[in-house]
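The values are calculated or read from the model by the stated rules, or taken from the named source; none is laboratory data. Since the model is a prediction, treat every value here as computed from it, not as a measurement. Ideal geometry is used to build each Cβ from the backbone, glycine not excepted, and the neighbour counts take in all protein chains shown.
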Ligand SMILES: [Zn+2]
């Protein structure tokens, strides 16, 4: 891979500066994204990652692939990827291609999940994220080398990053997180569900930014029923 190709990679490595995670390229210079690229990535956050809901009984409501992985462990549902079979089922439902060596990949997925989960609150609060968690993610990003390519799309030129080798399912999740950081997310939109005893998390990409629940069907309705009952008792 050439040096210039590395420079163009949006997030070949993550680094921490003044307590914030930033994309950083391997040659040591900061990656400077054009405003247009940032806007494109921001649009991707909203359009390619609709809020979603439960699929096959598993939560896919994080608004981002990496958050969906974090949600594979919750108080209510336990650990959905604790076994190789569980991992394969989750990965297929997430439209990822699980590797043939499912036990090894399931273990890698749990390690990546633990790293991402440990970054969640520091990202919201703007606190220094744990270096070991970033190390785990970087070890996957190092295997996710890509190069820039142009393609003619009707009358326009389109820019794409092409992976040197097909990404593993776990690699795709690490890259999703790196792109999330590169796109300049809004910390206040990273949230814990407001449901009592619900440990699910999400990125609120709604227009008004007022999403409170993991899922309207689950915690949202529970809340509605509860406040309705409370109002009834008040008036009785
Ligand atoms: Zn909830």
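Structure data summary
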quantity	calculated
Residue 222 vs. criteria within 16 Å of the ligand (Cβ to nearest atom), surrounded by 12 or more Cβ atoms within 10 Å (Cβ to Cβ) and under 17 Å from residue 71 (Cα atoms)	no
Any chance residue 177 is at pLDDT 95 or above, within 16 Å of the ligand (Cβ to nearest atom) and not in a loop (DSSP other than H, G, I, E, B)	no
Test: residue in segment 207-218 that is touching a residue at least 12 places away in the same chain (Cβ under 8 Å), in a helix (DSSP H, G or I) and within 16 Å of the ligand (Cβ to nearest atom)	yes
Odd one out for residue 198, checked against (1) in contact (Cβ under 8 Å) with a residue 40 or more places away in the chain; (2) within 16 Å of the ligand (Cβ to nearest atom); (3) part of a helix (DSSP H, G or I)	(3)
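This table checks each residue for (1) assigned to a helix (DSSP H, G or I); (2) closer than 27 Å to residue 206 by Cβ; (3) in contact (Cβ under 8 Å) with a residue 60 or more places away in the chain.
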| position | (1), (2), (3) |
| --- | --- |
| 61 | no, yes, yes |
| 97 | no, no, yes |
| 127 | no, yes, yes |
| 132 | yes, no, no |
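To keep it simple, each residue is scored yes or no on (1) at pLDDT 50 or above; (2) surrounded by fewer than 16 Cβ atoms within 10 Å (Cβ to Cβ); (3) out of contact with any helix residue (DSSP H, G or I) (no Cβ under 6 Å at 6 or more places or on another chain).
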position	(1), (2), (3)
46	no, yes, yes
55	yes, yes, no
63	yes, no, yes
67	yes, no, yes
74	yes, no, yes
80	yes, no, no
